[in-house]
Amino acid sequence: MFTNPYEAPDKLATGGHITKEINSVTVLFDDIHYSLSSGHLNGGFHHTLAVRNQQLTYQIETEKDLPGGSVSNYLAREFEHIDTPVHFSTALLTSADMIYHAYAKIEERDTIVETIVTAGYDKTAHRAGTGYCYEEKNGVFTTPGTINILIFTNKALTDSAMVKAIMTITEAKTAAIQDWRIESVRRHPFINEDIPDAITQEHFTSATGTSTDGIILTIDTNGDILTDAGSFSLFGDTLAKAVYVGVQRALQNGTDLISTNSD
């Protein structure tokens with residue numbers, strides 16, 4: 001039986017109550033926060049009282065097969081089930097099991113960054129720019145097997161700094177999976193794999209992420225306002241470390257899952 005060594009606590013150090021269920025991890029706030037989300041439900045910049053990582057437990061061909069007929073409607077229904085205001089909520093979707101999520105907290109001086117990560121990559125690990133599998137048209141949907149990252153901090157960021165933070169988060173995620181030696185999958189019939197205008201002749205095969213990764217960055221609007229989240233800044237470095245550790249812990253949980261199932 002799997003025991004999660006990196007299970008998220010019931011409450012974040014940065015503020016927020018964590019509800020862990022079989023198919024989801026939800027963070028609820030006592031007051032309105034501000035998020036930048038890649039999720040289908042209230043994606044982009046949005047005021048939030050709740051953020052969520054939701055597991056999709058079955059295969060679908062198009063998003064019309066989901067309850068509500070779309071990803072956003074499906075996620076909205078999940079929030080309604082826990083009596084949370086949908087207009088102040090945002091969420092990510094994944095096929096990864098929630099029991100294997102991983103929590104990390106990094107502190108530097110008075111800066112705190114916390115992450116909750118799920119990592120399903122065996123079917124979708126991919127090196128960016130090395131081909132595509134489908135063209136989005138008429139609701140065609142690729143079931144996510146993804147690295148989803150929820151990030152929380154006690155600092156406030158300008159909008160531009162939040163966008164910069166997404167770059168730092170992505171760089172840290174890529175560093176974590178490349179140090180884990182994850183290769184881009186070859187099980188799909190990729191289209192247009194070549195990069196004809198590339199200057200380098202040698203192309204590596206290590207994955208840079210999965211094809212369906214998601215991020216929700218949530219800040220405390222009452223915190224100190226920062227304008228830079230690049231990796232040379234104290235905040236950016238703390239952010240990168242929290243993401244790196246969280247992603248590798250989630251990858252480790254996935255490795256332990258395989259070991260547990262093979263016993």
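The values are calculated or read from the model by the stated rules, or taken from the named source; none is laboratory data. Since the structure is predicted, the reported quantities are computational estimates derived from the model, not experimental observations. Cβ coordinates were reconstructed from backbone atoms using ideal geometry, including for glycine residues, and neighbour counts include every protein chain displayed. These area figures cover heavy atoms from the full protein model, side chains too; ligands, DNA and RNA do not enter into them. Shrake-Rupley method; radii C 1.70, N 1.55, O 1.52, S 1.80 Å.
Here Asp30 qualifies as assigned to a strand (DSSP E or B), over 22 Å from Ala161 (Cα atoms), open to solvent by 20 Å² or more (accessible area, probe 1.4 Å) and free of Cβ contacts under 8 Å to residues at least 40 places away in the same chain.
Looking across region 137-176 at every residue that is modelled with pLDDT under 70 and farther than 23 Å from Leu217 by Cα, the one that is surrounded by the most Cβ atoms within 10 Å (Cβ to Cβ) is identified as Phe141.
If you check Lys20, Lys11 for being farther than 24 Å from Ser72 by Cα, open to solvent by 50 Å² or more (accessible area, probe 1.4 Å) and at pLDDT 95 or above, only one passes: Lys11.
Looking at this structure, is Phe45 open to solvent by 70 Å² or more (accessible area, probe 1.4 Å), out of contact with any helix residue (DSSP H, G or I) (no Cβ under 6 Å at 6 or more places or on another chain) and either without any contact (Cβ under 8 Å) to a residue 60 or more places away in the chain or not in a loop (DSSP other than H, G, I, E, B) (or both)?
It is true that Phe45 is open to solvent by 70 Å² or more (accessible area, probe 1.4 Å), out of contact with any helix residue (DSSP H, G or I) (no Cβ under 6 Å at 6 or more places or on another chain) and either without any contact (Cβ under 8 Å) to a residue 60 or more places away in the chain or not in a loop (DSSP other than H, G, I, E, B) (or both).
Specify the residue that is modelled with the lowest pLDDT; the eligible residues are those in region 209-235 that are open to solvent by 50 Å² or more (accessible area, probe 1.4 Å) and closer than 23 Å to Val25 by Cβ.
Just the residues of region 209-235 that are open to solvent by 50 Å² or more (accessible area, probe 1.4 Å), to begin with: 211, 221-222, 224-225, 227-228, 231-232, 234.
Subset that is closer than 23 Å to Val25 by Cβ: 211, 221.
Details: Ser211: 77, Thr221: 96.
The qualifying residue modelled with the lowest pLDDT is Ser211.
For region 236-244, the count of residues that are modelled with pLDDT of 95 or more, out of contact with any strand residue (DSSP E or B) (no Cβ under 7 Å at 6 or more places or on another chain), surrounded by 23 or more Cβ atoms within 10 Å (Cβ to Cβ) and closer than 23 Å to Gly16 by Cβ is at least one.
Hey, can you tell me all the residues within region 95-112 that are more than 21 Å from Thr146 (Cβ to Cβ) and of a type in the set (Val, Ile, Thr)? Matches in region 95-112: Ile106, Thr111, Ile112. Taking every residue in region 77-100 that is within 19 Å of Leu217 (Cα to Cα) and pairing it with any residue that is open to solvent by 20 Å² or more (accessible area, probe 1.4 Å) and among the acidic types (Asp, Glu), at least 6 positions away or on another chain, yields no pair with a Cβ-Cβ distance below 6 Å.
When region 48-59 is filtered for residues that are surrounded by fewer than 15 Cβ atoms within 10 Å (Cβ to Cβ) and either under 13 Å from Ser24 (Cβ atoms) or among the β-branched types (Val, Ile, Thr) (or both), only Thr57 remains.
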